[in-house]
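Engineer: Structure incoming, see below.
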Amino acid sequence: MPDLSIRKTAFSVEEIFHEGGPVPAESLRRAAGIAIIENPFAGRYEPDIQWFMKDLKPLGLSMATRLVEMLGGPDQIEGYGKGAMIGEAGELEHGALWHAPGGYAMRELLSNSNAIVPSTKKVVGVGGRLDVPITHINASYVRSHFDSMEVGLNDAPRARELALVLVMSSGARIHNRAGGLVAQDIVGEDGLR
């Protein structure tokens, strides 16, 4: 088994003050972390790939920890999501290996995270972009927190790389008014409502 080879990481925070309407009492902050790593399966079909998820766990925890710190601590986090971009010499399934290490890392740090972590993945060329879905950490049906954050780097992923992404947010969309379940009405038993 090859060691995890990280070429680079990038972290960013967006702060949204309004979307053309009145300025709310609190801004919305979204943070993203991207790790560009070597894809150990690039260029060939490999039937046994599940072992690589164990290798990715420390990376997931490190990235999630940094995002929580960037947003001010676990009590500041209300939304999350994850994603992967696979370089052209890889396949979609290689990005699927990020589901458990990335998702469980965030849930481990957030004590009230019952909801599944939404995700997306795609094979891209260098400079590819990914819209990472975001939902509420405790109830997936909280419509005000249906959101996304676009991520990407101009030099990644190269053909034999993976770009692994985690995203967290501090709250609902600015000016949300689409109705549905609201955060204060979460029952919190099944991760949905």
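Engineer: Residue check: is L71 of a type in the set (A, V, I, L, M, F, W, C), under 16 Å from R107 (Cβ atoms) and in contact with a Ser or Thr (Cβ under 9 Å, 6 or more places away or on another chain)?
Structural biologist: Values: of a type in the set (A, V, I, L, M, F, W, C): yes; under 16 Å from R107 (Cβ atoms): yes; in contact with a Ser or Thr (Cβ under 9 Å, 6 or more places away or on another chain): yes.
For L71, the condition - of a type in the set (A, V, I, L, M, F, W, C), under 16 Å from R107 (Cβ atoms) and in contact with a Ser or Thr (Cβ under 9 Å, 6 or more places away or on another chain) - is met.
Engineer: Only one of V117, V187, V126 is among the β-branched types (V, I, T), assigned to a loop (DSSP other than H, G, I, E, B) and under 19 Å from P58 (Cβ atoms); which? Please lay out each step first, then the result.
Structural biologist: Working: V187 fails: under 19 Å from P58 (Cβ atoms); V126 fails: under 19 Å from P58 (Cβ atoms).
Every option except V117 fails the conditions.
Engineer: Next up: Of the conditions (1) touching a strand residue (DSSP E or B) at 6+ places or on another chain (Cβ under 8 Å); (2) closer than 17 Å to D190 by Cα; (3) at pLDDT 95 or above, Y104 fails just one. Which one is it?
Structural biologist: Answer for Y104: the failing condition is (1).
Engineer: G60 passes all but one of (1) of a type outside the set (A, V, I, L, M); (2) over 16 Å from G102 (Cα atoms); (3) touching a residue at least 60 places away in the same chain (Cβ under 8 Å); which number fails?
Structural biologist: Failed condition: (2).
Engineer: Inspect the stretch 154-167 for any residue being within 15 Å of R30 (Cα to Cα) and either surrounded by fewer than 23 Cβ atoms within 10 Å (Cβ to Cβ) or basic (K, R) (or both) and give the result as yes or no. Walk me through it before giving the result.
Structural biologist: Residues of the stretch 154-167 that are within 15 Å of R30 (Cα to Cα), as a first pass: 165-167.
Still in the list and also either surrounded by fewer than 23 Cβ atoms within 10 Å (Cβ to Cβ) or basic (K, R) (or both): none.
Scanning the stretch 154-167 turns up no residue that is within 15 Å of R30 (Cα to Cα) and either surrounded by fewer than 23 Cβ atoms within 10 Å (Cβ to Cβ) or basic (K, R) (or both).
Engineer: Ok, one more. I'd like to check something: does the stretch 134-144 contain any residue that is part of a loop (DSSP other than H, G, I, E, B), buried (at least 16 other Cβ atoms within 10 Å of the Cβ) and touching a residue at least 60 places away in the same chain (Cβ under 8 Å)?
Structural biologist: Initially, the stretch 134-144 is screened for residues part of a loop (DSSP other than H, G, I, E, B), giving 137-141.
Next, from what is left, pick out any that are buried (at least 16 other Cβ atoms within 10 Å of the Cβ): 137-141.
Subset that is touching a residue at least 60 places away in the same chain (Cβ under 8 Å): 137.
Scanning the stretch 134-144, I find at least one residue that is part of a loop (DSSP other than H, G, I, E, B), buried (at least 16 other Cβ atoms within 10 Å of the Cβ) and touching a residue at least 60 places away in the same chain (Cβ under 8 Å), so the answer is yes.
Engineer: Let me ask something additional. Among (1) in contact with a helix residue (DSSP H, G or I) (Cβ under 8 Å, 6 or more places away or on another chain); (2) farther than 25 Å from F146 by Cβ, where does P58 come up short?
Structural biologist: (1)
Engineer: Starting from the stretch 97-108, take each residue that is closer than 15 Å to N39 by Cα and list its partners that are assigned to a helix (DSSP H, G or I), counting only C-beta distances under 7 angstrom and pairs at least six apart or across chains.
Structural biologist: Correct list of pairs: L97/F52; L97/M53; L97/L56; W98/L56.
Engineer: Taking N154 and the conditions (1) more than 16 Å from the chain's Cα centre (by Cα); (2) free of Cβ contacts under 8 Å to residues at least 60 places away in the same chain; (3) over 30 Å from K8 (Cβ atoms), which numbered condition does it fall short on, given that it satisfies the others?
Structural biologist: Going through the list (1) more than 16 Å from the chain's Cα centre (by Cα); (2) free of Cβ contacts under 8 Å to residues at least 60 places away in the same chain; (3) over 30 Å from K8 (Cβ atoms), N154 breaks only (3).
Engineer: Which pairs do you get when a residue that is within 14 Å of H99 (Cα to Cα), found in the stretch 75-88, comes within reach of a residue that is among the small types (G, A, S), reach meaning Cβ atoms under 6 angstrom, with the pair 6+ apart or on two chains?
Structural biologist: What qualifies is K82/G102; K82/G103; K82/S119; G83/S119; A84/G95; M85/G128; M85/A163; I86/G95.
The values are calculated or read from the model by the stated rules, or taken from the named source; none is laboratory data. Computed from a predicted structure; not experimentally measured. Please note: Cβ atoms are built from the backbone with ideal geometry, for glycine as well, and neighbour counts cover all protein chains shown.
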